[in-house]
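*Asks:* Let me give you the structure first, and then I'll get to my questions.
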Amino acid sequence: MIQRKKRKARDIEKDYPARQFVAKLRRLADCIEQKTRFRIQVAGERVSIPPDAIINIEHEREDGNEEIEFQLKWTIPD
C-alpha cells in the first residue's frame, strides 16, 4: 500500500495577469468537459484535481467589496 505524504494546511491567494488566468481557465474548462484530471501549480506547489471534484461559485459582498470565487472541492484519500 502506498502511503501518501501528509500536506500542511494552506490558505493562499495568488494573483495572475489576465492572459495567464484566461489560459488556466481554458485548460480547466477543457478538463471539466473531458472529465479528466486538472493539474496546476500554485505558488510553487503542484495540485491535482480529480474529475469528480465538486464545482461551485461563491459570491460575497461586505464593506463595499464584492468577490466571486470559482471553487473546486474534493476529498484527499488517506
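*Asks:* Mean residue ellipticity at 222 nm from the helices of the chain, using -39,500 (n - 2.57) per DSSP H segment of n ≥ 4 over the full residue count, to the nearest 500 deg cm²/dmol?
*Replies:* -7500 deg cm²/dmol
*Asks:* Quote to one decimal, in nm, the extra length available between ARG61 and TRP74 on full extension: 0.36 nm per residue of separation minus the C-alpha distance between them. Kindly include the intermediate steps, with their values, before the conclusion.
*Replies:* Details: separation 13, 0.36 × 13 = 4.68 nm, distance 2.53 nm.
Difference between extended and current length: 2.1 nm.
*Asks:* Turning to a different aspect of this structure: Which whole-Hz couplings ³J(HN,Hα) result when phi for each residue of the range 60-67 is put into the Karplus expression 6.51 cos²θ - 1.76 cosθ + 1.60, θ = phi - 60°, listed in order with x for Gly and Pro?
*Replies:* Rounded to whole hertz, the list is 10, 9, 6, 6, x, 10, 10, 8.
*Asks:* Let me ask you something else. Using the Karplus equation 6.51 cos²θ - 1.76 cosθ + 1.60 (θ = phi - 60°), what ³J(HN,Hα) coupling, rounded to whole Hz, does each residue of the range 26-40 give in order, writing x for Gly and Pro?
*Replies:* 5, 4, 4, 4, 4, 5, 4, 4, 8, 6, 10, 5, 9, 10, 8
*Asks:* Can you match Rg and Dmax of the Cα atoms in Å to one of these, [x] 14.7, 51; [y] 11.9, 36; [z] 23.1, 67, based on a calculation from the structure here?
*Replies:* So the calculated entry is the one marked [x].
*Asks:* What does the extension gain come out to for ALA53 and ALA9, with contour length at 0.36 nm per residue minus their alpha carbon separation? List each step's numbers first, then the result.
*Replies:* On the way: separation 44, 0.36 × 44 = 15.84 nm, distance 1.90 nm.
Result for the pair: 13.9 nm of gain on full extension.
*Asks:* Under 21 Å Cα to Cα from LYS24, which lysines show up? Leave out anything in the same chain fewer than 8 places away.
*Replies:* LYS14, LYS35, LYS73
Values in this text are rule-based calculations from the coordinates and carry no lab data. Small disclaimer: the values here were computed from a predicted structure and weren't measured.
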